[in-house]
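Worksheet: one structure, shown below.
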Amino acid sequence: MSIGWVGCVQVKTMVEHIYTDDVADSHALMEHGEEMLAIAEKYQVDSFKLFMEHYLATRINTESVFDLVALAEIHSAKLLKEAGQR
């Protein structure tokens, strides 16, 4: 199953979050976190978007900071952008 450019793992994870307010598959988050932020914004699932911003903010390091701040800018992810600018 896919919704346009979104794969099965991303859709499954978003639906899981909608129903449980959590995500059990940490591997999916690590592998597809940036894409999940994009689909959360595209489909206006604010709780999932905020969840993904928090998750990605914990992944910021010297190697990823520029990419994650750029991602935050593209997807209007204020919390992620602020975390990257600290």
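No lab work stands behind these numbers, since they all come straight from the coordinates. Quick caveat: nothing in here was measured; it's all calculated off a predicted structure. With ideal geometry, Cβ positions are generated from the backbone for all residues, glycine too; neighbour counts draw on all protein chains shown.
So, in region 66-86, exactly how many residues are out of contact with any Asp or Glu (no Cβ under 6 Å at 6 or more places or on another chain) and surrounded by 15 or more Cβ atoms within 10 Å (Cβ to Cβ)? Give the derivation first.
First, pick out the residues of region 66-86 that are out of contact with any Asp or Glu (no Cβ under 6 Å at 6 or more places or on another chain): 66-70, 72-74, 76, 78, 81-86.
Within this subset, residues satisfying the condition of being surrounded by 15 or more Cβ atoms within 10 Å (Cβ to Cβ) are 68-69, 72, 81, 83-84.
The number of residues fulfilling the criteria is 6.
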Problem set entry | Qualifying positions in region 21-35 - of a type outside the set (S, T, N, Q) and out of contact with any Leu (no Cβ under 7 Å at 6 or more places or on another chain) | Asp21, Asp22, Ala24, Asp25, His27, Ala28, Leu29, Met30, Glu31, His32, Glu35
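Return a yes/no flag: does region 54-61 have any residue that is without any contact (Cβ under 8 Å) to a residue 12 or more places away in the chain and of a type in the set (Gly, Ala, Ser). Quick ask: steps written out before the conclusion?
Here is the first cut: in region 54-61, the residues without any contact (Cβ under 8 Å) to a residue 12 or more places away in the chain are 58, 61.
Of the ones still in play, those that are also of a type in the set (Gly, Ala, Ser) are none.
Looking through region 54-61, none of the residues is without any contact (Cβ under 8 Å) to a residue 12 or more places away in the chain and of a type in the set (Gly, Ala, Ser).
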Problem set entry | Out of Glu31, Glu41, sole residue that is within 22 Å of Val9 (Cβ to Cβ), in contact with a Lys or Arg (Cβ under 6 Å, 6 or more places away or on another chain) and not basic (Lys, Arg) | Glu41
